[in-house]
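Enquirer: If you scroll down you'll find the structure; I have some questions about it.
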Amino acid sequence: MLEAISSITSAIDKANTLSSTRAVQATRLAPAAPSQSVDFGDIMVQVASNAAQTLRAGESAAIAGIQGKASVQQVVEAVMSAEQALQTAIAIRDKVVAAYQEISRMAI
Amino acid sequence: MGDIYLFDVASRQAQWLAVRQATISSNIANANTPGFKAKDVEPFSKVFDQTQLTMAATDKGHLGFDAVHAKPAKVKKTDSWDVMHSGNSVSVEQEMMKAGEIGREYSLNTSIVKSFHRMLLASTRSGQ
Amino acid sequence: MIDPLQASSRLAGAGLEAQSMRLRIVSENIANAQSTGKTAGSDPYARKTITFRSELDRALDTASVKVKEIGIDQAPFRVEYDPGNPAADENGYVKMPNVNMLVEMADMREANRSYEANLQMMKQTRSMISSLIDLLRGA
């Protein structure tokens, strides 16, 4: 489960380095563009870590539920949130990977 | 992010309904206890306005919905249909009617949540 | 804090137990409605009564139910003239149990109704928990 999240962060890192390289090259031709790629990367990392956190919370809720320490509603909600977070994170990862591939195809 | 608000409201209503179910169960169990007065919970609209909307988990030990703070206050309903000689005010018919309400509302609540959960998953899944 | 749905289950269970006990007492009374004493002039079967009390469940602040006591009805025995009976006193009168069949039958119907209501609550609680868990199921 958490491999999906780490694959997302590594994909974001790759895209980050690649896009910042492009940004450096682009500034030679045009006036300094605002470093939007870095901010975007930060947001993506935040999303990924948020998803990881939600997944951990879901796991601990499930364990507590099995032990009888949490109510059924709490467990169900935590697991559903984890499911949603994971799905969203995977979708973002796929988009980032696709974007990275597109950028790498760009002729310099 | 409209979906997240919906899940929050549905969660609170589900919690409120569960507490109400416990209250009604208590009333019915005590239908023949002398001096027992039937109880009910405050209406959901009242409870909902009082509780603040808490954001999702802030530390990994947190289980999400904080049930303690959202516990609805109990009120003694004095408009029960009749009061018996023994001082018992539980009307089984009235309680069963309330139970029917709870059952319906809970069913609707879980169906809505299930539906929106699926929609959310489907929206992130499709397209590539 | 205890899960309120779990508490509902327990409360309904306590109610079922209480009403079960009540039905048992009523059955005993009905079965012994004609039970006279063994020796001359002795007392017959005395009608049993049952009272409940509520017990506060601290965790959820709800009131469960428990049997408070099983007592003896102090109403006087009725007397029948039956000199042939072993329990007849010197004048031929036999003390009969203070059990009124109509009262007992009404009580039994009441107890049944309460039992069914508790059962219904338990079923509904189970169905609520089920639909909650069902949220996690499905594609």
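Rule-based calculations on the coordinates, nothing more; no lab input. Just so it is clear, the structure is predicted and the values come from calculations on it, not from any experiment. Positions of Cβ are generated from backbone atoms using ideal geometry, with glycine treated the same way; all protein chains shown enter the neighbour counts.
Enquirer: Arrange the following residues from fewest to most other Cβ atoms within 10 Å of their Cβ: A:Ser60, C:Ser42, C:Ser114.
Expert: Lowest count first: C:Ser42, A:Ser60, C:Ser114.
Enquirer: With each pseudo-label sitting 7 Å past Cα toward Cβ, what's the C:Gln34-A:Ile103 distance in nm, one decimal?
Expert: A separation of 9.8 nm, rounded to one decimal place.
Enquirer: According to a simple spin-label model (label point 7 Å from Cα along Cα-to-Cβ), what is the distance in nm between C:Asn112 and C:Val67?
Expert: Placing both labels 7 Å along Cα→Cβ, they lie 2.1 nm apart.
Enquirer: Same structure again: Would you tally the net charge around C:Arg109, using a Cβ to Cβ cut-off of less than 12 Å, leaving C:Arg109 out, and scoring K and R as +1, D and E as -1?
Expert: Charge balance in the 12 Å sphere: -2.
Enquirer: Related question: Going by how many other beta carbons lie within 10 Å of each one, how would you line up C:Phe52, B:Phe48, fewest first?
Expert: Listed from fewest to most nearby Cβ atoms, that is B:Phe48, C:Phe52.
Enquirer: Find out how many positive minus negative residues lie around B:Glu105, taking Lys and Arg as positive, Asp and Glu as negative, among other residues whose Cβ is under 12 Å from that of B:Glu105.
Expert: +2
Enquirer: Another question about this same structure. Using only Cα atoms and rounding to the nearest 10 degrees, what angle (0 to 90) does helix C:4-31 make with the longest principal axis of chain C?
Expert: 10
Enquirer: Also: At a Förster distance of 25 Å, what's the computed FRET efficiency of A:Phe40 paired with B:Arg118, Cβ-Cβ distance as r, to 0.05?
Expert: 0.25
Enquirer: What is the magnitude of the charge dipole of segment C:18-139 about its Cα centre, with +1 placed on the Cβ of each Lys and Arg, -1 on the Cβ of each Asp and Glu, and no other charges, expressed in debye to the nearest 20? Don't skip to the answer; put the middle values down first.
Expert: Numbers: 16 positive and 16 negative charges, 117 e Å.
The calculated dipole for segment C:18-139 is roughly 560 debye.
Enquirer: Quick one: net charge of C:Met121's neighbours, Cβ under 14 Å, K/R +1, D/E -1? Spell out each step's value before the answer.
Expert: On the way: positive: B:Arg20, B:Lys98, C:Arg10, C:Arg113, C:Lys123, C:Arg126; negative: B:Glu93, B:Glu95, B:Glu101, C:Glu17, C:Glu116.
Every neighbour counted, the sum reads +1.
Enquirer: Further question on the same structure: Could you tell me which of the pairs B:Lys39/C:Lys68; B:Lys37/C:Lys123; B:Lys37/C:Lys95; B:Lys46/C:Lys68; B:Lys114/C:Lys123 are separated by over 28 angstrom between their Cα atoms in the structure shown?
Expert: Pairs exceeding 28 Å: B:Lys37/C:Lys95; B:Lys46/C:Lys68.
Enquirer: Suppose each label sits 7 Å from its Cα in the direction of the beta carbon; what would the C:Val79-B:Leu108 distance come out to in nanometres?
Expert: That separation, rounded to one decimal, is 6.7 nm.
Enquirer: Given the C-alpha centroids of segment A:36-108 and segment C:36-114, what is the distance between them in whole angstrom?
Expert: Value for the Cα centre distance between the two parts: 67 Å.
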